[in-house]
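The values are calculated or read from the model by the stated rules, or taken from the named source; none is laboratory data. Treat the numbers as computed from the prediction; the structure is a model and nothing was measured. Positions of Cβ are backbone-derived with ideal geometry, glycine not excepted, and every protein chain shown enters the neighbour counts. Keep in mind that these areas ignore ligands, DNA and RNA; they rest on the heavy atoms of the full protein, side chains included. Shrake-Rupley method; radii C 1.70, N 1.55, O 1.52, S 1.80 Å.
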Amino acid sequence: MAEQHPNTKTWSGLFSEPVDELVKRYTASVTFDQRMWAADIAGSRAHATMLARQKIIGAQDLTDIERGLAQIEEEIKAGKFNWSLDDEDVHLNIEKRLTALVGDAGKRLHTGRSRNDQVATDIRLYLRGEIDRIAQLIRALQLSLITVAEKNADTLMPGFTHLQVAQPVTFGHHLLAYFEMLDRDHARLADVRKRVNRLPLGAAALAGTTYPIDREFVAKELGFDGVCENSLDAVSDRDFAIEFLAAASLIMTHISRLSEELILWMSPRFAFVRVADRFCTGSSIMPQKKNPDVPELARGKTGRVNGHLVALLTLMKGQPLAYNKDNQEDKEPLFDTVDTLSDTLTIFADMVASITVNAENMKKAALEGFSTATDLADYLVKKGLPFRDAHEVVARAVRHASGLGLDLAQVPLADLQGFSPLITETVYDVLTLDGSAASRNHIGGTAPAQVRAALNRARERIKA
Ligand code: ARG
């Protein structure tokens, strides 16, 4: 064996001086990509098994590789594995240790493989597992929304447009809007997963390999739906990661919108809801305050995840085929997104379940903005008045009520009849908050009966 310089790298045969210390740190990824160790070992096991089946390596080599990888797995799990910057990344760290443990068989593992197809495989395996976990977390948050919506199928609150009181809605209906957003998020992740779940291995550095490999076998071993068709694309494609980040940005955007509403609803001006104290903090100077830190942070972290999406799009836009080291920069944004999204979803599932409402304040607010004005217009239309004329009548009635400091439902019948002779005693059935909500009684409407039906369907949908 040739003399080894202490700084000697796995690929250093061609080089005449050791890598500069700062450059070593600058180019290494092991400090962060070690989190893909399980995927790296799984990929190596499948690759080695294929090499032995194809008689590219011997049966004994496979046995040795399997034994070595099993030991490495134990060492990593026990926190005893010595990750070294000298070995650059997760792939070389594991390979180096394998060779130290089992000798030449370890050196044969990389036959017909490159780190370029290896890293692409590892990211896909890692991300597939995370997508499955995150999909479960979305379901948990959807279930919390259902639970609170069920308790509030009849709870009336003002629905807003332009943040101005518009029409009464039920709080259950409002929460189910977020259920829908999350349901699309869940479906989007399932769709992304299809494109994640393709095997790059076999592309080798970029052009394929001269060995008689069996890519379909490796794909099956690793649970992939199939292989990446083109070797150049296989090693350079990060679309799947960008798609995941786009889906993650949308999930965070939905959570951010909910956060904004919670922040408003929790403010003493609204005082619509409370969440459990464990999600709030106090102020170090103002003893009276209870701050909605969790929703505020979630709103803030949405910016961070959106940033990661832009980072990856920018990372890719100037790269010629095939692999470039730029790609190593895909990992930190991806990992941080996975962590941020997982924590946010986990906390929100718990926090949303803890929501309690102040139904009295919600109702009071709904009574403040003439939220049943549209109902009066609809009432007149049903009696034959063209909608535009009805709109005009109601506008005048609202102005009158406003002058008296009354809600429409409190204006005497005689006064209302002054605006239109079509108005009779039955008008009060539609002018109350309950009447208004109950009359929006069709699929997708806010009537409590519809909310209950939607809740039943929602429960079924998240079982699938
Ligand atoms: N650590 C590298 C990455 O994350 C692995 C691939 C390196 N390949 C190479 N030829 N330098 O992309």
**Asked** Among rounded, prolate and oblate, which fits the stretch 173-278 when a ≥ b ≥ c are the square roots of the eigenvalues of its C-alpha gyration tensor, a/c under 1.5 means rounded, and a/b larger than b/c means prolate?
**Response** prolate
**Item:** Probe 1.4 Å, all protein chains present, accessible-area order of 150, 425, largest first
**Value:** 425, 150
**Measure of compaction for the stretch 214-270 (Cα Rg per 2.2 N^0.38 Å)** = 2.03
**Request:** List every residue whose amide H lies under 5 Å from the amide H of residue 166, counting only residues 5 or more places away in sequence or on a different chain, with H placed 1.01 Å from N in the peptide plane.
**Result:** 159, 160, 161
**Message:** Please state the shape class of the stretch 240-394: rounded when a/c is under 1.5, otherwise prolate if a/b exceeds b/c and oblate if not, all from the C-alpha gyration tensor.
**Reply:** oblate
**Request:** Per DSSP H run of n ≥ 4, the term is -39500 (n - 2.57); total these for the chain, divide by its residue number, and report the mean residue ellipticity at 222 nm rounded to 500 deg cm²/dmol.
**Result:** -20000 deg cm²/dmol
**Rounded percent of accessible protein surface that carbon and sulfur make up, the stretch 287-338, 1.4 Å probe** = 57 percent
**Item:** the stretch 196-355, accessible area per residue, ligands and nucleic acids excluded (1.4 Å, Å²)
**Value:** 46 Å²
**Request:** Sort 350, 86, 277, 237 by accessible area with a 1.4 Å probe, largest first.
**Result:** 277, 350, 86, 237
**For the chain: rounded, prolate or oblate by the Cα gyration tensor [a/c cutoff 1.5]** = prolate
**Request:** Read phi for every residue in the stretch 432-437 and hand back ³J(HN,Hα) as whole Hz from Karplus 6.51 cos²θ - 1.76 cosθ + 1.60, θ = phi - 60°, with x for Gly and Pro.
**Result:** 7, 4, 4, x, 4, 5
**Request:** Have a look at 127, 111, 100 and report the one farthest towards the positive end of the charge dipole of the stretch 32-144, computed about the Cα centre with Cβ charges (Lys/Arg +1, Asp/Glu -1).
**Result:** 127
**Fill in**
As straight-line cross-link partners of residue 325, the qualifying aspartates and glutamates (C-alpha separation under 18 Å, not fewer than 8 residues apart within one chain) are 20, 33, 86, 87, 88, 89, 117, 122, 233, 237, 239
**Request:** Using θ = phi - 60° and the Karplus relation 6.51 cos²θ - 1.76 cosθ + 1.60, list the HN-Hα couplings for the stretch 64-76 in order, rounded to whole Hz, with x at every Gly or Pro.
**Result:** 5, 4, 5, 5, x, 5, 5, 5, 4, 4, 4, 4, 5
**Request:** List the residues whose amide H sits under 5 Å from the amide H of residue 199, counting only those 5 or more places along or on another chain, with H placed 1.01 Å from N in the peptide plane.
**Result:** 226, 227, 228
**Request:** Between the alpha-carbon centers of the stretch 15-59 and the stretch 297-319, tell me the distance in whole angstrom.
**Result:** 28 Å
**Prompt:** Length gain on complete extension for the stretch residue 413 to residue 354, per 0.36 nm per residue less the alpha carbon to alpha carbon distance?
**Reply:** 16.9 nm
**Request:** Arrange the residues 181, 157 by how much accessible surface each exposes, largest first, with a 1.4 angstrom probe.
**Result:** 181, 157
**Request:** Could you run the Karplus curve 6.51 cos²θ - 1.76 cosθ + 1.60 with θ = phi - 60° over the stretch 314-320 and give me ³J(HN,Hα) per residue in whole Hz, x for Gly and Pro?
**Result:** 5, 4, 8, 5, x, 7, x
**Prompt:** Cα-Cα over 24 Å: which of 77/194; 24/77; 55/107; 151/289; 194/220; 9/107?
**Reply:** 77/194; 24/77; 151/289
**Complete:** Note: residue 17 to residue 104 extended length (0.36 nm per residue) minus current alpha-carbon separation gives 28.7 nm
**Fill in**
The FRET efficiency for residue 434 and residue 187, from their Cβ-Cβ distance with R0 = 45 Å and rounded to 0.05, is 0.80
**Request:** Could I have the simple spin-label model distance between residue 325 and residue 389, label points 7 Å from Cα toward Cβ, reported in nm to one decimal?
**Result:** 7.9 nm
**Request:** Could you tally the net charge around residue 128, taking each other residue with its Cβ under 12 Å from the Cβ of residue 128, Lys/Arg +1 and Asp/Glu -1?
**Result:** +2
**Fill in**
Residue separation between residue 264 and residue 399 times 0.36 nm, minus their alpha-carbon distance, gives in nm 45.8 nm
